[in-house]
Amino acid sequence: MLLLKNGRVVDPATRTDARLDVLIDGERIAALGPSLEVPAAELVDASGWVVAPGFIDLHCHLREPGDESSETIETGACAAARGGFTAICPMPNTRPVNDNASVTRFILDRARAASLVRVWPIGAVSAGSRGESLAEISAMKDAGIVAVSDDGHPVATAKLLRQAMEYCRSLDLPLVDHCEDSSLFAGAVMREGPRSVRLGLAGMPAATESICVARDVQIAELTGGRLHVAHLSTAESLRLVREAKRRGLGVTCEVTPHHFTLTDDDVGYDSRFKVNPPVASRQDRDALLEGLADGSVDAIATDHAPHEPARKEVEFDRAPFGMIGFETALALALEQLFHSGRIGLTRLVELFATGPARVLGIARRLAEGEPADLTLFSVDEPWTFRAHESASRSRNSPFDGREFRGAPMMTIVAGRVAFRR
Ligand code: DOR
Ligand code: ZN
């Protein structure tokens, strides 16, 4: 038994924000209340910390199978635990692609062996994510996927998207789309604007994303399916999502820490800043901050995308897209959203835990009888992120050396301590 004493329990689902003790017995929360006394339990002094329902990352890349020199399920899960995440959803763009039940089972077996955080795989929409025919979605669902996506690429055609959404609707699975118009995207390495012109780098306009969001929202309406927009990065995309929600469609979205923190002005020739979708203009970034504050955005997701140094540390043009993100996500959210006064702790926890759970259609409550998945964090612990100390196998973070206030202090998964600072 584990007794968390005197933490500030913040749970949007039960509308709790109070100083309470939490007793964990086995895999579940056994009791919640002021001044619990359980002599047999191991004590954790949580005073000064927030005790929240476990964080869920809807979007990451673990590179196993196929690219284990960049990340394995174990190293990725370890970095996730250090970032306060109790469950993570790896995208299917591995080698081979997770487009059938045997790959799904392999991922789950490796996750069980690592035994750190819960790994909830996302299966491919199409075979090989090639955009031609549907993947074995139903068999993957039976094996344990929680959503489908061709992430790295958009679902190739409106026709295939329609088929997939109709299918997913009957299976009650959300479809996560990486929204991008491939013709506008072609050859680009950053956002198009005065900055890309000055740097002499090929840019893609904001419309690259929103054109695809508009298509997807219409297909969601046509099919009645659940659409989740991955790493949303522009004001126009957000406007489309807001409008879809207002009309009662099953449309949700996530925003990454790098998109709400950085702008294209931060981009130089340093490939650590190269990511897809690219970091946005200041106006778009500010719109994202607004959406995070006003409830339009459902979740913060990392898009943790490790790439080994040999491949990433090359000219900007030649480098792959992506940055690691598990260990800096909470600190960036505290910096940009909480310390800046834009949101309170309840909304912060909603963006990391309750919101992502809702996207997946699962409940996440910090209450008696619920699974003991908890994230304990400090809002003022000072620390500096050092990429070389990361648990990830990769080092590609533009936030290397950044000083933060606030950090995960303890990550508890099914009653077991997966990380302790
Ligand atoms: O930056 C990115 N990296 N965006 C993606 O869509 C894919 C990801 C990756 O797999 O590296
Ligand atoms: Zn993507």
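The values are calculated or read from the model by the stated rules, or taken from the named source; none is laboratory data. Just so it is clear, the structure is predicted and the values come from calculations on it, not from any experiment. FYI the Cβ positions are ideal-geometry reconstructions off the backbone, even for glycines, and counts take in every protein chain you see. For the accessible areas, the whole protein counts, side chains as well, though only heavy atoms, and no ligand, DNA or RNA atoms are used. Shrake-Rupley method; radii C 1.70, N 1.55, O 1.52, S 1.80 Å.
What about TRP49, is it under 20 Å from ARG226 (Cα atoms), among the aromatic types (Phe, Trp, Tyr) and surrounded by fewer than 24 Cβ atoms within 10 Å (Cβ to Cβ)?
Here the answer is no, as TRP49 does not meet what is asked.
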- request: Starting from the range 189-200, keep only residues that are in contact (Cβ under 8 Å) with a residue 24 or more places away in the chain and open to solvent by 60 Å² or more (accessible area, probe 1.4 Å), then list their pairs with residues that are of a type outside the set (S, T, N, Q) and in a loop (DSSP other than H, G, I, E, B) whose Cβ atoms are within a distance under 6 Å, requiring at least 6 positions of separation or different chains.
  value: none
task: Report yes if VAL229 is in contact with a strand residue (DSSP E or B) (Cβ under 8 Å, 6 or more places away or on another chain) and more than 14 Å from ligand 1 (Cβ to nearest atom), otherwise no.
output: no
field: Failed condition for GLU389, given (1) surrounded by 22 or more Cβ atoms within 10 Å (Cβ to Cβ); (2) among the acidic types (Asp, Glu); (3) under 23 Å from LEU262 (Cβ atoms)
entry: (1)
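Name the one entry in LEU36, LEU4, LEU20 that is in contact with a Pro (Cβ under 8 Å, 6 or more places away or on another chain) and either in a strand (DSSP E or B) or modelled with pLDDT of 95 or more (or both).
Only one candidate passes the filter, namely LEU20.
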task: Look through GLY83, GLY76, GLY54, GLY48 and report the one residue that is on the phi > 0 side of the Ramachandran plot and modelled with pLDDT of 95 or more.
output: GLY48
message: Out of everything in the range 281-309 that is touching a residue at least 60 places away in the same chain (Cβ under 8 Å) and among the small types (Gly, Ala, Ser), what residue ends up being farthest from VAL359 (Cα to Cα)?
response: SER281
query: Considering the range 250-278 alone, what residues qualify as being away from ligand 2 (no atom under 15 Å from the Cβ) and touching a His at 6+ places or on another chain (Cβ under 6 Å)?
result: THR252
message: Condition check: touching an Asp or Glu at 6+ places or on another chain (Cβ under 9 Å) and hydrophobic (A, V, I, L, M, F, W, C). Does LEU374 satisfy that?
response: no
- prompt: Filter the range 146-190 for residues that are under 30 Å from ALA319 (Cα atoms) and β-branched (Val, Ile, Thr); which is nearest to ligand 2 (Cβ to nearest atom)?
  reply: VAL176
message: So if I check each of LEU376, LEU345, which one is under 20 Å from the mean Cα position of the chain (by Cα), among the aliphatic types (A, V, I, L, M) and buried (at least 19 other Cβ atoms within 10 Å of the Cβ)?
response: LEU376
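What are the residues in the range 301-325 that are under 13 Å from the mean Cα position of the chain (by Cα), in a loop (DSSP other than H, G, I, E, B) and near ligand 1 (Cβ under 8 Å from one of its atoms), if any?
Within the range 301-325, the subset under 13 Å from the mean Cα position of the chain (by Cα) is 301-305, 323-325.
Next, only the ones that are in a loop (DSSP other than H, G, I, E, B) stay: 301-303, 305, 324-325.
Within the range 301-325, ASP303, ALA305 qualify.
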